[in-house]
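First up is the structure itself, then whatever we jot down about it.
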Amino acid sequence: MNACRRHFGPDYTAGGKDCGEYPFATTYEGAAGSLYDPEQLRNNYSVMALDSTQNQAAGTLLGQFLTTSRLIDGPDDGFLVQIVP
């Protein structure tokens, strides 16, 4: 992802890293959100170079959540994310 290259350098993937994004890339609030909503603030997201195995496992779990919860694409399929320490 361009944001990770910009923040962590072109070789951020060295040592098995992926670019993790929050809000999730699968949501309209993700890094591409301003493409969908011109009123959304640009660069209103966070990125971090994460362990590739863990990041991909989290992506798999998120995909399973979206599928089993039957979340598709529309105004009635919103969800909240609660971060629990």
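The values are calculated or read from the model by the stated rules, or taken from the named source; none is laboratory data. These numbers come from a predicted model, not from an experiment. Because the Cβ atoms are built from the backbone with ideal geometry, glycine has one as well, and the counts that use them run over all protein chains shown. All accessible areas refer to the heavy atoms of the entire protein, side chains included, with ligands and DNA or RNA removed. Shrake-Rupley method; radii C 1.70, N 1.55, O 1.52, S 1.80 Å.
Annotations
- Packing-based ranking of 60-70, 21-31, 46-56 yields 21-31, 46-56, 60-70, ordered from highest to lowest mean Cβ neighbour count within 10 Å.
- Proportion of all alpha-carbon pairs of the chain beyond 22 Å (%): 33
- Residue-averaged 222 nm ellipticity for the chain, from DSSP H runs of 4+ at -39500 (n - 2.57), nearest 500: -9500 deg cm²/dmol
- 1.4 Å probe accessible area per residue over segment 14-74, in Å²: 73
- Whole-Hz couplings from phi, Karplus 6.51/-1.76/1.60, listed for segment 27-36; x for Gly and Pro: 10, 6, 8, x, 4, 8, x, 5, 6, 8
- Shown for segment 8-85: the carbon plus sulfur share of the solvent-accessible area, taken with all protein chains present and a 1.4 angstrom probe, equals 56%.
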